[in-house]
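Student: The structure that follows is given in the form of structure tokens.
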């Protein structure tokens, strides 16, 4: 059902828009950068979901909520709208961490203002190093916002797009700024690995950590995360190796030192389990051997008895034949 005065944006009733303030300002296109201010609440209960928040994003890059990004595409600069939408268009499959279950039921109401159309789409190939840093940082901040509300899939998408932007960095343009690019690449790589861990994608997370170490071989955070993942997966030898690498760089790192006894204890647990397993296998093997020996003894006894019986029968037969021969000779002499 579409409320009076509202426009059905998608034609499905899932997103409805009502203009509160008209404007003849510029309309953004796909890929353009805009600045938007929004607030949201539960339409039925009035429970506040998000206070007034201003975000800058590039349309089409999934840097903000779906409904906010869509409005950035259809609104004009200076326009204000009220939007009613289903929760999935507001916060996806995850919502705000606080009171999410109560607040995210039913229709979500947004008040959205398109504050400013910033710039037309500009591809990374056309950007200077300074512009690349700004663009990558914006995507990093968007990723951090998604991470903050536990939408890890969107967060990792933003971090990866930021890394993609920095692939166009011209290392010969500004030597001094290269360090800034390197630091950002390392930070983004660690963020990607962190999110992949949250998603349980340990193989990808390990690869991301190794990519970070290719840029900065002394990055303690990457070594620590490798050690932590190895520990969680029961790979104690690898975990110990990663811990040694990290401690050579930062001997007093508290988080790494706290991991040492945990790895040691897990290794001891593994040894105890291995010992118990071997004991069970030995017991099973001995039991099988005893059964075989008993069977062999029984078979030998049976064979011995059979042989004795045959010998007795043979002797009796010989004696009988001899007696018959003697009787025959006595009564039927030649």
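Student: With respect to residue 164, determine if the residue is in a helix (DSSP H, G or I), exposed (fewer than 15 other Cβ atoms within 10 Å of the Cβ), touching a helix residue (DSSP H, G or I) at 6+ places or on another chain (Cβ under 8 Å) and modelled with pLDDT of 90 or more.
Tutor: yes
Student: Report yes if residue 35 is over 24 Å from residue 77 (Cβ atoms) and not in a loop (DSSP other than H, G, I, E, B), otherwise no.
Tutor: On the way: over 24 Å from residue 77 (Cβ atoms): no; not in a loop (DSSP other than H, G, I, E, B): yes.
Here the answer is no, as residue 35 does not meet what is asked.
Student: Restricting region 192-204 to residues that are surrounded by fewer than 22 Cβ atoms within 10 Å (Cβ to Cβ) and touching a residue at least 12 places away in the same chain (Cβ under 8 Å), which is farthest from residue 158 (Cα to Cα)?
Tutor: Going through the qualifying residues, I end up with 202.
Student: Kindly check whether there is at least one residue in region 120-132 that is touching a strand residue (DSSP E or B) at 6+ places or on another chain (Cβ under 6 Å), over 30 Å from residue 233 (Cα atoms), exposed (fewer than 15 other Cβ atoms within 10 Å of the Cβ) and in contact (Cβ under 8 Å) with a residue 60 or more places away in the chain.
Tutor: no
Student: Does residue 7 meet the test of being free of Cβ contacts under 8 Å to residues at least 40 places away in the same chain and either more than 13 Å from residue 110 (Cα to Cα) or in contact with a helix residue (DSSP H, G or I) (Cβ under 8 Å, 6 or more places away or on another chain) (or both)?
Tutor: Yes; evaluated as a whole, the condition is true for this residue.
Student: Consider residue 83 against the criteria (1) closer than 21 Å to residue 142 by Cα; (2) in contact (Cβ under 8 Å) with a residue 60 or more places away in the chain; (3) crowded, with 16+ Cβ neighbours inside 10 Å: it satisfies all of them except one. Which criterion is unmet?
Tutor: Going through (1) closer than 21 Å to residue 142 by Cα; (2) in contact (Cβ under 8 Å) with a residue 60 or more places away in the chain; (3) crowded, with 16+ Cβ neighbours inside 10 Å one by one, residue 83 breaks only (1).
Student: Of the residues 187, 239, only one is buried (at least 22 other Cβ atoms within 10 Å of the Cβ) and not in a loop (DSSP other than H, G, I, E, B); which?
Tutor: None of the other options fit; the residue is 239.
The values are calculated or read from the model by the stated rules, or taken from the named source; none is laboratory data. Model, not experiment: these values are computed from the prediction. Every residue, glycine among them, receives a Cβ derived from its backbone with ideal geometry; neighbour counts consider all protein chains shown.
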